[in-house]
Each structure stands twice: as structure tokens, then as C-alpha cells.
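The values are calculated or read from the model by the stated rules, or taken from the named source; none is laboratory data. The model shown is predicted, which means the values in this text are computed figures rather than measured ones. Cβ coordinates were reconstructed from backbone atoms using ideal geometry, including for glycine residues, and neighbour counts include every protein chain displayed.
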Amino acid sequence: MTKARFCDILHQARSDNGMSLRELSAQSGIEYSRLSRMEHGTRPAPGLPQMRRLAELLSLDLADLLVSAGTPREAVEQLLWAERLQLAKRVEDLADYKPEGHRAGIKNEFVVSVVTRDGAFCTVKLGSEIWRLLAFSDAETLRVIIPPESIQLFLQNPRDIAFMPGNVFLARILKTRKVGRLLNFVLEVGGIELNALVLGDSDQDHVLAPGDEVFVSISPVALSTETHNRAKGSK
């Protein structure tokens, strides 16, 4: 059975909803000429926020739309699960931590060049390490944002415990500090500095300290990307 193409789904859904290209462009925020080329299959699908907006406007299932754009079904499921997980973490009792504006998140912004591309999956070089991420843009230079709360810390290599897809690196703790109920770990990973935020507990308070080595795991679908020409003030 042939998989439905993104361009065909987009065109059919727009027609079924009685919308012109200009109407859909105005409501989705996607430039008219770009939207037209998407329908003709000469431009790739947009980024996740705009994909979500298209799904809402055209009454489409976001997962199906992402799969039609070339994202493997299992990656889509992981992406949507990760979003639900991150949303659940955004509760009011975590003191001064606000995911959209906390300085730990602002520090985890980098500009990288794409090394390889396989559909929506890309590899980029960040520091001395090769990272895997998901990007719907066809740009060769990307701005990558690594949410501090998406970084998991392990005392031993998680690949030795269970199958751990994506990005797993050895890291060194540079400093730690409390942020309400959270612990902020400043890490050195492949020559770059990353900020991680994890829920604090008594075990971590005593076990992890500056100078210690840990393993970090960051899911490719947890990384936020956009084209570099939109970025201002990035590294």
C-alpha cells in the first residue's frame, strides 16, 4: 500500500475545507508561494509549530501529517509523548523555573551546520560530538535549542542498561545549584557547556558534585530547531 504524500494530503484537505491557498496562507502564517510549492511537492513540509497549525485548520491528525512528511511513525509517537511529558513538568511549584524564559534554557542555544540528512532526521556537529535531531526545514544551518529539562543524567552508560536511542554522551559536572525543587547542573559535553535541570532528591544532592563524570541522554525529538536566518543573538 502506497503511503499518502504530504503534498496530496495538504491539497485534498484544503479543498475539502473549501479554503483557497491565500486563505490557508493567511491563517497558517505560511507564505503563499511556499505553501503553493508544498502542495506541488517542490518544497518540504514546514516545522512542527506550522505543521500543528495546518492540522488544526484542516482538521487533520498531526501524527498522520508528520508521517506523510517523512517522519517514522515511531519517532512521531516519541515526539508527542515527549511533549506531553514536558508539559506535565511545567507545574507552578518549581519555584522560579519557567521553561520559556529561564536563563538555563537561553544558554542552551547553538548554531550548527547539518552534516547528514535522512528525511526529517539530521546529524549535526556540536562541539566535538555528533548529535542526532529532527528538523523539518531543508536549511543547512540550524539554530538548536536544548531544553534543560530534557537532559537526563546517569551514573553509568544508559546503553549498558537498556536500548537508548539518540544522543548519549559522557559529561563532566562543572557546577551545581538549587533552583527551588530543581537542581541545575552545568555540564561540559564535547567541549561545549550545557545546563540541565532535574528534580532534586537527597541521593543526587550527595552523589553528584563538580568534577564528577556522568552520562547524559537527550532524545533527538526533544531538541527544538529553526533556520539560522531567523535567529538573533545566537551563539
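The table that follows gives values for the structure above.
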{"read-out": "Residue that is modelled with the lowest pLDDT [pool: residues in region 32-53 that are outside any loop (DSSP other than H, G, I, E, B) and within 18 Å of L223 (Cα to Cα)]", "value": "L48"}
{"read-out": "Residue within region 92-104 that is surrounded by 15 or more Cβ atoms within 10 Å (Cβ to Cβ) and either modelled with pLDDT of 85 or more or outside any loop (DSSP other than H, G, I, E, B) (or both) present", "value": "yes"}
{"read-out": "Tabulated pairs, region 41-67, first among the polar types (S, T, N, Q), second assigned to a helix (DSSP H, G or I), C-beta under 8 angstrom, 6+ apart or interchain", "value": "Q50/S28; S59/A13"}
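Each row is one residue, and each column tells you yes or no for (1) aromatic (F, W, Y); (2) modelled with pLDDT of 90 or more; (3) surrounded by fewer than 18 Cβ atoms within 10 Å (Cβ to Cβ); (4) closer than 30 Å to H228 by Cβ.
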position	(1), (2), (3), (4)
S128	no, yes, yes, yes
W131	yes, yes, no, yes
R177	no, no, yes, no
L183	no, no, no, no
